[in-house]
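J.: Submitted below is the structure of interest, expressed as structure tokens.
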Amino acid sequence: MIAQSSHEVGGSASVRDQVMALHDRLAALGERYDAAPLFPADSLALIARSGLHRRYAPVASGGETFEDARAENLDMLDALRGIGRADLSVGRLFEGHVNALKLFDWYGTPAQHRDLADHLDQSRFYGVWATEPAPGVTIQDDGEAQRLQGAKAFATGAGGLGFAVVTARPQEGPRRMIVVPADEPDRTDLSGWRVRGMRATGSGRYDVSGLPVTTANTLGAPGDYDLEPRFTAGAWRFTAVQLGGIEGLLTETRAALSDAARADPLQRAKFAEAVVATRTAGLWVREAALRAASEDIDASAFARLTRGVVERAGLDVMELSARLVGTRSAFDGQRIDKITRDLSMYLRQAGPDYARDQAALVWLDHDAWGAGDPLW
């Protein structure tokens, strides 16, 4: 279960309680979807029945009212890590949905907020798809109407989600955001999604060719998707889900420790290392969430470095868990095995070396930790 902790903002305990109530059922469903693999429709329905699927929507769409962005991000941190702890595949889908809700909040029109409210009433989930094979998704103008051309790759939830916010490049100018249906079977190709972990995300190819581009389904202005620091600093959200997976692995490892291992000081030292790695990652993710909330000038650099901290923690805890539990950790059907497979896949986010290098450039210039405590 999710450990109780105190935050200085209201509402956090409530969302922790909600996620805690879902944990065991999501974990059990996750085992079924991993074995098949199938799109986790029952898991998302469970989240929708709890109301979590609309918690971070615009207030006009029925979302929660928070004191400020800081309070919202701390609340969101508990939801993301909690669902990730139960099932990383569902955590990834929920994180994409939350990303879409924030884009609607920042850039949506009143009419789009009403449409979103209707879709959330129907328990529909959203994704955000930006990755694409060459030549990418473009907006074509035939003189009478505008339509999309191209496909998205690694489209999480392709064929299973209700809608997706996709990026598309017009003939001139920055790319735009277009809201499209994401559940059309003829547009979905999951044949290439043959992976050891994160199977239930269904991150396949989705062809958007021919879909209309209208005022009603165009979200925001040209270039809004790439606005900084929101674009890069928003990476804290997927690190929160990854953190939940690491916490889940640590918890399962502790439960699996034999009496002999608990009595062995060398094994206890390994367990201590795993605790430190997990909690260190948690501190960085929390700080990255706060920097993103304030849109701090160094929020992007902080998120980039946080990605590396969480990746390192995940790799360390996976290795330590295998050493502590031994052969049992690799048996099919064991929760430690599933979390390890999912986490090893999820940690493979694009451009980790580039992200760390760009963060290092900022820290070489000044101590981006700041907050009244710079080292130089």
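The values are calculated or read from the model by the stated rules, or taken from the named source; none is laboratory data. All values derive from a computational prediction rather than experimental measurement. Note: ideal-geometry Cβ built from the backbone for every residue, glycine included; neighbour counts use all protein chains shown. Please note that ligands, DNA and RNA were not included when accessible areas were found on the heavy atoms of the full protein model with its side chains. Shrake-Rupley method; radii C 1.70, N 1.55, O 1.52, S 1.80 Å.
J.: Extension gain ARG356-PHE231, at 0.36 nm per residue separation less the Cα-Cα distance, in nm?
T.: Contour length minus the Cα-Cα distance gives 43.4 nm.
J.: Based solely on its DSSP helices, what 222 nm [θ] is calculated for the chain when runs of n ≥ 4 H residues each add -39,500 (n - 2.57) and the sum is averaged over all residues, nearest 500 deg cm²/dmol?
T.: Values: 12 runs with 196 residues, N = 376.
It comes out at -17500 deg cm²/dmol, rounded to the nearest 500.
J.: Where does helix 110-121 land angle-wise versus the long Cα axis of the chain, in degrees 0 to 90, nearest 10?
T.: 50
J.: If you don't mind, another one. At R0 = 30 Å, how high is the FRET efficiency between ALA260 and ASP24 if r is their beta carbon distance? Nearest 0.05 is fine. Don't jump to the answer; show the numbers that get you there.
T.: On the way: r = 28 Å, r/R0 = 0.95.
E(calc), rounded to 0.05, equals 0.60.
J.: Quick one: net charge of SER50's neighbours, Cβ under 12 Å, K/R +1, D/E -1? Before the final figure, lay out each step's value.
T.: On the way: positive: ARG25, ARG49, ARG54, ARG55; negative: ASP17.
Result for the local shell: +3.
J.: Ok, one more. Given a Förster radius of 45 Å and the C-beta distance between ALA272 and ARG114 as r, what FRET efficiency does 1/(1 + (r/R0)^6) yield to the nearest 0.05? Kindly include the intermediate steps, with their values, before the conclusion.
T.: Values: r = 53 Å, r/R0 = 1.17.
Efficiency computed from Cβ-Cβ geometry: 0.30.
J.: Of the listed peptides 237-250, 189-202, 354-367, what is their order by residue-averaged count of other C-beta atoms within 10 Å, with the highest listed first?
T.: Highest mean packing first, the order is 237-250, 189-202, 354-367.
J.: Angle, helix 236-256 long axis vs. longest principal axis of the chain, Cα atoms, 0 to 90°, nearest 10?
T.: 30
J.: In the chain, what percentage of the DSSP-assigned beta bridges are antiparallel, given to the nearest 5? Walk me through the numbers on the way to the answer.
T.: Values: 19 of 24 bridges.
That works out to approximately 80 percent antiparallel.
J.: So with the 1.4 Å probe, I'd like the accessible area per residue for region 282-376, rounded to whole Å². All intermediate terms of the calculation are to be shown ahead of the outcome.
T.: On the way: 4810 Å² over 95 residues.
Ligands and nucleic acids excluded, the figure is 51 Å² per residue.
J.: Right, something else. Which of these, ALA299, ALA57, ALA21, has the largest mean-square fluctuation under a Gaussian network model of the chain (Cα springs below 10 Å)?
T.: Looking only at ALA299, ALA57, ALA21, the largest GNM fluctuation is found for ALA21.
J.: Using a 1.4 Å probe on the protein chains only, how many percent of the accessible area of the chain belongs to carbon and sulfur? Present the calculation step by step, with values, prior to reporting the outcome.
T.: Working: 8720 of 16660 Å².
Carbon plus sulfur share of accessible area: 52 percent.
J.: Using only Cα atoms, tell me the angle between helix 335-346 and the longest principal axis of the chain; keep it within 0 to 90° and round to the nearest 10.
T.: Taking the Cα atoms of the chain, the angle to 335-346 is about 50 degrees.
J.: So with the 1.4 Å probe, I'd like the accessible area per residue for region 161-240, rounded to whole Å². Could the numbers behind the result be given before it?
T.: Working: 3490 Å² over 80 residues.
Per-residue value: 44 Å².
J.: Where in region 217-246 does the label zone of GLN349 land, with the point 7 angstrom along Cα→C-beta and an amide N cut-off under 20 Å?
T.: Taking a point 7 Å out along Cα→Cβ of GLN349, the residues of region 217-246 whose backbone N falls under 20 Å are 225-246.
J.: Moving to a separate point now. Quick one: of the DSSP bridges fully inside region 58-203, what percent are antiparallel, nearest 5?
T.: Details: 10 of 15 bridges.
Bridges in region 58-203 that DSSP calls antiparallel: roughly 65 percent.
J.: While we're looking at this one, here's another question. On full extension of the chain, what length is gained from ALA216 through PHE331, given 0.36 nm per residue of separation minus the C-alpha to C-alpha distance?
T.: Numbers: separation 115, 0.36 × 115 = 41.40 nm, distance 5.02 nm.
Fully extending the segment from ALA216 to PHE331 adds 36.4 nm.
J.: Note the full-extension length gain between TRP106 and GLU144 as 0.36 nm times their separation in residues minus their Cα-Cα distance, in nm to one decimal. Walk me through the numbers before you get to the answer.
T.: Details: separation 38, 0.36 × 38 = 13.68 nm, distance 3.00 nm.
Length difference between fully extended and current span is 10.7 nm.
J.: First select every other residue whose beta carbon is under 13 angstrom from the beta carbon of LYS270; then total the charges, Lys and Arg +1, Asp and Glu -1.
T.: Values: positive: ARG254, ARG262, ARG268, ARG323; negative: ASP264, GLU273, ASP316, GLU319.
Spelling it out: positives minus negatives among the neighbours equals 0.
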